[in-house]
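The structure under discussion appears below in the form of structure tokens.
The values are calculated or read from the model by the stated rules, or taken from the named source; none is laboratory data. Since we're looking at a predicted model, the values are computed, not measured. Every residue, glycine among them, receives a Cβ derived from its backbone with ideal geometry; neighbour counts consider all protein chains shown.
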Amino acid sequence: MPETGLVEGTVTMDGQPLPNVSIVFQPQDDPKARASMALSDEQGHYSLSYHADKQGALIGPHKVSVTTPSDAPDPSGQAKEPIPAKYNSKSELVVEVQAGSNDIPLELTSK
């Protein structure tokens with residue numbers, strides 16, 4: 001297994017915790033590399049998993065996307081994503097994962 005750093009933090013929108021959102025850290029150096037994922041809890045806290053039996057994310061820069069899992073599209077047939085595109089489909093969020101433990105808060109804004 002490649003070297004990873006443990007990653008956890010809190011995801012917020014306009015200062016309020018974002019519960020039950022999906023967080024994906026995709027390595028920037030190698031877009032084909034395995035991404036790390038997490039689902040935030042009721043307080044917006046997340047802890048990344050790299051593999052079924054390995055926590056964390058690969059060392060280095062990552063593009064981060066935050067999305068709301070949706071089971072039901074709106075009446076137009078389109079899923080309505082309350083999180084702005086700059087944090088998911090057109091993510092501008094880039095963070096650096098270091099060896100060891102990383103506390104990476106994701107502070108999003110609705111504007």
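Beta carbons closer than 6 Å, at least 6 apart along the sequence or on distinct chains, pair a first residue in the stretch 94-111 that is part of a strand (DSSP E or B) with a second that is of a type in the set (Lys, Arg) for Val94/Lys63.
The single condition among (1) in a strand (DSSP E or B); (2) modelled with pLDDT under 95 that Glu8 does not satisfy is (2). Given the criteria over 14 Å from Val7 (Cβ atoms), at pLDDT 95 or above and not β-branched (Val, Ile, Thr), does Glu107 qualify? When the stated conditions are applied, Glu107 passes them. Being modelled with pLDDT of 90 or more, more than 17 Å from Asp103 (Cα to Cα), surrounded by 14 or more Cβ atoms within 10 Å (Cβ to Cβ) and polar (S, T, N, Q) is a condition met by no residue of the stretch 47-61. Just checking, how many residues over the stretch 36-56 are part of a loop (DSSP other than H, G, I, E, B) and closer than 14 Å to Ile104 by Cβ? Total satisfying the criteria: 4. All conditions in (1) out of contact with any Phe, Trp or Tyr (no Cβ under 7 Å at 6 or more places or on another chain); (2) outside any loop (DSSP other than H, G, I, E, B); (3) of a type outside the set (D, E, K, R) hold for Ile23, with the sole exception of (1). A Cβ distance below 8 Å, combined with a sequence gap of six or more or placement on separate chains, defines the contacts here; from the stretch 6-26, residues that are more than 21 Å from Ser101 (Cα to Cα) and without any contact (Cβ under 8 Å) to a residue 12 or more places away in the chain reach no residue that is of a type in the set (Lys, Arg) and buried (at least 16 other Cβ atoms within 10 Å of the Cβ).
Taken over the stretch 1-25, the criterion of being under 11 Å from the mean Cα position of the chain (by Cα) and small (Gly, Ala, Ser) is satisfied by Gly9, Ser22.
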